[in-house]
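Q: One structure follows; several queries about it will come next.
The values are calculated or read from the model by the stated rules, or taken from the named source; none is laboratory data. As the structure is a computational prediction, the values presented were derived from the model and not from experiment. Using ideal geometry, Cβ is built from the backbone for each residue, glycine included, and neighbour counts are taken over all protein chains shown. Just so you know, the surface numbers come from the protein's heavy atoms only, side chains and all, with ligands and any DNA or RNA stripped out. Shrake-Rupley method; radii C 1.70, N 1.55, O 1.52, S 1.80 Å.
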Amino acid sequence: MDSTASRRRASGRSSVVESIKGFTFAGVRISKEDLRRRITMPEYLRLAIREAIKNKDVDTVRRHLDMAYAAGAEIPQPAEAPIIVFINSKSGGRHGPQLKARLQELMGEEQVFDLSDVMPHEFVQYGLSCLEKFAALGDSCAKVTRERIRVVAAGGDGTVGWILGCLGELKKQGREPVPPTGIIPLGTGNDLSRSFGWGGSFPFNWKSATKSILDRVATGPINRLDSWNLLISMPAGEKLETPHSLKPTEDASLDQELEIDGELPKKLSNYQGVYYNYFSIGMDAQVAYGFHHLRNEKPYLAQGPISNKLIYSGYSCTQGWFFTPCSSDPCLRGLNNILRLYVKKVNSSKWEQISVPSSVRSIVTLNLPSYGGGRNPWGRLKPEYLEKRGFVEAHADDGCIEIFGLKQGWHASMVMVELISAKHIAQASAIRFELRAGEWDEAYMQMDGEPWKQPISKEYSTFIEIKRVPFQSLMVNGKRS
């Protein structure tokens, strides 16, 4: 019991410890000039990349290459570890603009992109294409820079996922190598950041910590991260307010190996997206949806991670998460009334239906060992339990995803303080949810913190199918050895 309490106290202190200790290295002094020399690209490349993105054309920047190699000019040399930073300056409360200025001070100003001005896909389409074009013309400096370049995502989990998704297009297009990504945590939960050693919050000593972070991005080892493709197939005609991470698609279909029980509508609407941490259905998503809209309507309430967490906790108490209204039959709150679950288990190619416990009001599919700001609701399971359930030890690159359930808010609260584990449902390499309206005509969902309201029909099913993306993202590990 004492050891359990000690673990809980350690977990509660971890965010503060990471902020103070994790970013301050006794005896390690990083020279600002040396760091700048190692991570800053030659000026002609910085200017060419910026101009190519601005013009949305890589053919108009050839003059920068010609000037760099003009007669009598010093032959440009590639940086040892060139870095590009994308910063969501609206994240991190008041720190966003200050951090942006600090980053520009530590490297070439042109290497820091504010996401309100330059989108990650624009950098991929035009910025990296500029380096590739120069390399194809015989520029060895551009070629080496393209091979060595690393990316920093300064923002929350949503920002990190957005950048990873855009970089993933390079793999699809055969434009390797894909730059690995490091993180400066500016969000509320920062679960991706925690999972790869970058800490759970923006460091207090952020000015000196920024140098340390850039140094670790330049030198840190590379880890791999699974990502998951989510497909929604629903009856056409229903209006869906999609989050940023979901896009309409016509080039997608459900797995034909699993037969559909019942008729399909004549017309379907399909949406597709990728997530890196979690997808959930149920009350947790409903709370997130309400909080998201409250924050948009009253932005003055969201002044930083701490205030966000306090407001979120208070808001969850008003949504029936802790108290099911007396006028509602509690059994109607269970997701098993509107949902069927099918999975392909680990090391199996066959689909099978999994029963959903009647008490479960939220189902979460989790890819990382960090959820809701550093908690591990799946738990650290003993080998004998893993063997009994047919599970394997969970990792971010193991090709499978954990599925668990949360009951009412009290159960979720005990899970989140790690008094108990969540309700283990399955571990899978592929998932299909089938939803059909009953007492409800809508369900709430969220994907990596982006919630939405999903209409469901009584006449036809809505399908959510989840499969692993065939290639993995590359992450820089920020832990110091």
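Q: Just checking, does the range 455-470 include any residue being among the polar types (S, T, N, Q), under 23 Å from the mean Cα position of the chain (by Cα) and modelled with pLDDT of 85 or more? Spell out how you get there, then give the answer.
A: Of the range 455-470, the ones among the polar types (S, T, N, Q) are 457, 461-462.
Narrowing further to those that are under 23 Å from the mean Cα position of the chain (by Cα): none.
No.
Q: Show me the helices (runs of 4 or more DSSP H) found entirely inside the range 30-146 where at least 2 residues are touching a residue at least 24 places away in the same chain (Cβ under 8 Å), open to solvent by 20 Å² or more (accessible area, probe 1.4 Å) and more than 23 Å from residue 244 (Cα to Cα). Break it down into steps so the answer makes sense when it comes.
A: Numbers: elements: 32-39, 43-55, 62-68, 95-106, 128-136.
Counting at least 2 such residues, we get 32-39, 43-55, 95-106, 128-136.
Q: Something else: Can you name every residue in the range 421-443 that is touching a Ser or Thr at 6+ places or on another chain (Cβ under 9 Å) and open to solvent by 10 Å² or more (accessible area, probe 1.4 Å)? Break it down into steps so the answer makes sense when it comes.
A: Within the range 421-443, the first condition is being touching a Ser or Thr at 6+ places or on another chain (Cβ under 9 Å), and the residues that meet it are 423, 425, 428-429, 431, 433-437, 439, 441, 443.
Hits for the range 421-443 are 423, 425, 429, 434, 436, 437, 439, 441.
Q: Hey, any hits in the range 369-380 for a residue that's hydrophobic (A, V, I, L, M, F, W, C), touching a residue at least 40 places away in the same chain (Cβ under 8 Å), in a loop (DSSP other than H, G, I, E, B) and open to solvent by 20 Å² or more (accessible area, probe 1.4 Å)? Break it down into steps so the answer makes sense when it comes.
A: Start the filter on the range 369-380 by keeping residues that are hydrophobic (A, V, I, L, M, F, W, C), which leaves 378.
After this cut, where a residue has to be touching a residue at least 40 places away in the same chain (Cβ under 8 Å) as well, the list is 378.
Now restrict to residues that are in a loop (DSSP other than H, G, I, E, B): 378.
Adding the requirement that they be open to solvent by 20 Å² or more (accessible area, probe 1.4 Å) leaves none.
Within the range 369-380 (the criterion being hydrophobic (A, V, I, L, M, F, W, C), touching a residue at least 40 places away in the same chain (Cβ under 8 Å), in a loop (DSSP other than H, G, I, E, B) and open to solvent by 20 Å² or more (accessible area, probe 1.4 Å)), the answer is no, since none of the residues qualifies.
Q: Only one of 309, 388 is at pLDDT 80 or above, open to solvent by 80 Å² or more (accessible area, probe 1.4 Å) and out of contact with any His (no Cβ under 6 Å at 6 or more places or on another chain); which? Show your work before the answer.
A: On the way: 309 fails: at pLDDT 80 or above.
Result of the check over 309, 388: 388.
Q: Could you go through the range 407-420 and let me know if any residue there is within 19 Å of the chain's Cα centre (by Cα) and either modelled with pLDDT of 95 or more or open to solvent by 20 Å² or more (accessible area, probe 1.4 Å) (or both). Write out each step before concluding.
A: Initially, the range 407-420 is screened for residues within 19 Å of the chain's Cα centre (by Cα), giving none.
Within the range 407-420, none of the residues are within 19 Å of the chain's Cα centre (by Cα) and either modelled with pLDDT of 95 or more or open to solvent by 20 Å² or more (accessible area, probe 1.4 Å) (or both).
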